[in-house]
Amino acid sequence: MPSPVLHVIGARPNFIKAAPVVAALGERGVAQRVVHTGQHYDERMSDIFFRELGLPEPDVDLGVGSGSHGRQTGALLAALEEEFTASSPRSVIVYGDVNSTLAAALAAAKLGVPVAHVEAGLRSFDMTMPEEINRRLTDQLADLCLVTSPEAVGHLANEGIAVDRVHLVGNPMIDTLLANLDRFDPAAVQAAHGLPSRYVAATLHRPANVDDPGTAARLVARLHEIADLVDVVIPVHPRSRGTLTAAGLDRHPNVHAIEPLGYVEFVGLVRGAVAAVTDSGGVQEETTMLGVPCLTLRPNTERPITLTHGTNRLVTPDEVVPAVRKVLEQRHPVPRETPPLWDGKAGPRIADVIIGSLGE
Ligand code: UD1
Ligand code: UDP
């Protein structure tokens, strides 16, 4: 039995990005091992995605769970080192920018195991974001930087990363979106949750927006102003539950604060929305493909291609209500060219690059 290519996944967006890569390597007959770190563990933050996306059951769940950055990253590092030592992978594939990503890259690099980073090179240039720290360090450690968006190639070059490590492969999160398009049914999700047919879909979970009770309360006040114009449906991320609820999120009759949704229901919700109001990375990309106007409550984005080729716009809390009003008045949003290589074939391209790197 050859030693496996090992995927490390742990948080909600990881599962969605990994599904097409695992499938493509499987089709090419590569021995694989899927390691769940347990960073996310609620049924609706984890298991539901494995069922919906046909991901294989993880071979192991390290059960690391939640904690401060230092504690969580330290626990991930220790558990992953043990796992890699025991399973001797040929290569470790990591996804995105979460703490599980960085810990896996560091544990593997120290053991001399080659690292492939899917979604390399994105930069917000905002080092107050934990994700930016994770991205930069992971790319330094990665032997293969697998890039979703052309500007990321330049970012990696500027950081001294050799061009032969960098491969523009497209976006596997979009592979998952395109593969499941037929399943996204706004009417079904509206019926299942008793929702109106006209609404804004909202998500909030960035620490800068939701951790401080005062900031969270100011955003809830804006969501209530939006709800004066149109219903707001918000599947509440567990990180945000405390502060948003304490700020009275669901005290407005037109706000529908619901549990996190599975992927199929969530994208169905977004597809049927008049607009998305969000601070999610993935939602900026998905709305670009679905043609749903996206208002991102952040001062920056590591995904500028969603601004130039998509429907995304960065807004401050003061700008978001007028921006929603404008979207509601606008009749025909301008269609744009979709980003290069967001064509549903990133998974196979990634598999080919990884297999090429194994020297077989
Ligand atoms: C993490 C990622 C973030 C990503 C997000 C996707 C880091 C640093 N952050 O943020 O980049 O956008 O995942 O959703 O890795 N919790 C639960 N149940 C769960 C998971 C979390 O209740 O299944 C709660 C816990 O109170 C936990 C908090 O959410 O402390 C935050 O979880 P954590 O994984 O540390 O960070 P996220 O905010 O989810
Ligand atoms: N998502 C989901 N259910 C939800 C909210 C989001 O399935 O209730 C999906 C969404 O479609 C996208 C991914 O989760 O594919 C984005 O994850 P998240 O916003 O948690 O993280 P980020 O992309 O900001 O890192």
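If you look at the Cα atoms of the range 8-95, you get an Rg and a Dmax of 12.8, 39 Å.
Site pair Gln32 and Arg183 shows an inter-label distance of 1.5 nm when each label is modelled 7 Å from Cα along Cα→Cβ.
Note on the chain: helix-only mean residue ellipticity at 222 nm, from DSSP H runs of 4+ residues weighted -39500 (n - 2.57) and normalised by residue number, equals -13500 deg cm²/dmol. When the chain is modelled as a GNM with alpha-carbon springs shorter than 10 Å, which of Asn171, Asn14, Asn158 fluctuates the most? So, out of Asn171, Asn14, Asn158, the one fluctuating most is Asn158. Accessible surface calculations at 1.4 Å, restricted to protein heavy atoms, place the chain at 40 Å² per residue. Considering only Gly170, Ala187, Val115, the residue lying farthest towards the positive end of the dipole of the range 93-203 is Ala187, judged by Cα position with unit charges set on Cβ. Of the GluC sites (Glu not before Pro) found in the range 315-353, those that fall in a DSSP loop while having at most 13 other beta-carbon atoms within 10 Å are Glu337. Put the Cα centre of the range 296-354 next to the Cα centre of the range 224-242 and the gap is 20 Å.
Taking all protein chains in place and a 1.4 Å probe, what share, in percent, of the accessible surface of the chain do carbon and sulfur account for? Walk me through the intermediate numbers first.
Numbers: 7690 of 14390 Å².
Carbon and sulfur atoms account for 53 percent of the accessible area of the chain.
At full extension, Leu229 and Arg251 could sit 6.4 nm farther apart than now, given 0.36 nm per residue minus the alpha carbon distance. Under 27 Å from the Cα of Lys345, which lysines turn up, not counting those fewer than eight places away in the same chain? List returned: Lys17. Stretching Val353 away from Lys110 to a fully extended chain increases their span by 85.2 nm, per 0.36 nm per residue minus the current alpha-carbon distance. Between the amide H of Arg33 and those of Val5, Leu6, His7, distances stay under 5 Å, these residues lying 5 or more places away or on another chain, with hydrogens modeled in the peptide plane. Between Asp164 and Arg336, the FRET efficiency estimated from the beta carbon spacing at R0 = 22 angstrom works out to 0.10.
So what are the range 231-342's ellipsoid semi-axes, whole angstrom, largest first, if each one is the square root of 5 times an eigenvalue of the alpha-carbon gyration tensor? Write out the running numbers ahead of the final one.
Working: eigenvalues 111, 50, 40 Å².
Largest first, the range 231-342 gives 24, 16, 14 Å.
With each label modelled as a point 7 angstrom along the Cα→C-beta vector, the Thr308-Gln140 pair spans 2.7 nm. Listed by chain and number, the aspartates and glutamates placed with their C-alpha closer than 14 angstrom to that of Lys110 are Glu81, Glu82, Glu83, Asp143; residues fewer than eight positions away on the same chain are left out. Residues whose amide H lies under 5 Å from that of Val166, counting only those 5 or more places away or on a different chain, are Cys145; hydrogens are built 1.01 Å from N in the peptide plane.
Could you quote the convex hull projected area for the chain, Cα atoms only and averaged over all directions, in nm²? Don't skip to the end; give the middle numbers.
Numbers: hull surface 66.8 nm².
Spelled out: convex hull of the Cα atoms, projected over all directions, averaged, 16.7 nm².
Distant-in-sequence amide contacts of Tyr199, defined by a placed amide H-H separation under 5 Å and a gap of 5 or more residues or a different chain, comprise Val274.
Note on the range 194-255: the C-alpha convex hull projects to 3.8 nm² when averaged across all orientations.
The distance between label points at Ala78 and Asp126 comes to 3.3 nm (points 7 Å beyond Cα on the Cα→Cβ vector). Each residue of the range 237-244 was assigned a 3J(HN,Hα) from its phi angle through the Karplus curve 6.51 cos²θ - 1.76 cosθ + 1.60 (θ = phi - 60°); the sequence is 5, x, 4, 8, 3, x, 6, 5 Hz, with glycine and proline shown as x.
The values are calculated or read from the model by the stated rules, or taken from the named source; none is laboratory data. Keep in mind that what you see is a predicted model, and the values were worked out from it rather than measured. Please note: Cβ atoms are built from the backbone with ideal geometry, for glycine as well, and neighbour counts cover all protein chains shown. Remember, those area values only see protein heavy atoms, side chains included, never the ligands or the DNA or RNA. Shrake-Rupley method; radii C 1.70, N 1.55, O 1.52, S 1.80 Å.
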